[in-house]
1. Quick one: compute the contact order of the chain, relative version, from alpha carbon pairs under 8 angstrom and 6+ residues apart, as a percent.
2. For segment 1-147, what relative contact order do you get, as a whole percent, if you take Cα pairs closer than 8 Å and at least 6 residues apart?
3. Which whole-Hz couplings ³J(HN,Hα) result when phi for each residue of segment 253-268 is put into the Karplus expression 6.51 cos²θ - 1.76 cosθ + 1.60, θ = phi - 60°, listed in order with x for Gly and Pro?
4. For segment 3-294, how big is the tail of P(r) above 34 Å, as a whole percent of Cα pairs?
5. Once every Cα of segment 47-176 carries one equal point scatterer and solvent is ignored, give the base-10 log of I(q)/I(0) from the Debye formula at q = 0.17, 0.19, 0.20 Å⁻¹, two decimals.
6. Can you work out ³J(HN,Hα) from phi for every residue in segment 62-75, in order, using Karplus 6.51 cos²θ - 1.76 cosθ + 1.60 and θ = phi - 60°, giving whole Hz and x for Gly and Pro?
7. Given H placed on each backbone N at 1.01 Å, which residues far from Asp35 in sequence or on other chains put an amide H within less than 5 Å of it?
8. Using the basic label-point model (7 angstrom from Cα toward the beta carbon), what is the Ala246 to Val127 distance in nanometres?
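Quick note: the coordinates plus some simple rules give every number you see, no bench work behind them. Quick caveat, the model's predicted, so the values are computed rather than measured. Reconstructed Cβ throughout: ideal geometry from the backbone, glycine too, with neighbour counts over all protein chains shown.
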Amino acid sequence: MNFDLMRLVAALLVVVSHTWPLSGQPPLRIMGVEDMGALGVSIFFVISGYLVTGSYQRDPRTYLVKRLLRIEPGLIASLVVTVVLLGFFTTAPAGEYWPRAALYVLRNALLYPATYELPGVFETVPVPNVVNGVLWTLRLEFTFYLILMLIRARLALVLTLGAGCAAVWLYMTFAYPDWAQDRVTRIAYLGARNGLLFFAGSALFLARWKTPLWLAGVSVVAFPLIGPLALPTAVLGLVRPGKLPADLSYGVYIYAFPVQQMLAAYGRLDVLTSVLCVLPFAAVSWFLVERPAMKWKPGARQLQVDTS
């Protein structure tokens, strides 16, 4: 399974996972412990830490430009498409909707002042007033990009950060089982968990250590027992060389939530309709936005396109 396919599987895990709560049902868990969406996001962070560290080491000077070109064009396009399409369905007057829609695009494109609501949209669905609930992960991931750049991807500092994140995650897991109920504890838990995964992926790249297949298998078996601690070696031990003709994972990820909310609004939300409806958006995003944008990356004409 190559990186493209693994990321697509991770994105689809998020789609499948969201189907249940967005239709008003309890979340589907793996062996009663791990939410499938959390697993999909975790896989993304491991792969991201591994690949972007390689990108930084190849050329630190162009690293941030490449990261912005990978995230922003597809994101901005998805935000514009979302507000335009939902403009046909909002119950709010145009004078209220469009100024807020412009602010929605601007704030989310800037990543940090993220907002999730649009007036008159998704007010009666099981998860009301949330247009795209996955945008927080992009802000967190970009934060890790910046941290990696600030510490110059030094192995000792990456290991220190990973260990610190692991310690906070373990403490939060056992000391604050209701971490999701409070904003501060929720930020601490999600930052620590995903930081652990990102910096573990980064450390494995910097150490130039290839995870053997047997350890990947042991990690998969151990996952129900130790959770995300097993994921870096499981993910990177299973990955194999190769690429897909189209990398649809990012498009699936950034379009799926609003598509599923629309399906929920019309009582048509299930796994099959979710996947079938989001794949065309993802394909258009890749072929018309993401892939052309990556040609603007420094050195793209001389080197194979970096899709990390």
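1. For the chain, the relative contact order is 30 percent.
2. Working: 128 pairs, mean separation 28.2, N = 147.
Computed value for segment 1-147: 19 percent relative contact order.
3. Coupling constants for segment 253-268: 5, 7, 9, 4, 4, x, 4, 5, 5, 5, 4, 5, 4, 9, x, 10 Hz.
4. On the way: 8198 of 42486 pairs.
Result for the distance tail: 19 percent.
5. -0.94, -1.03, -1.08
6. So the Karplus estimates, Gly and Pro as x, are 9, 4, 5, 4, 5, 5, 5, 5, 7, 8, 6, x, x, 5 Hz.
7. Ile30
8. Placing both labels 7 Å along Cα→Cβ, they lie 2.5 nm apart.
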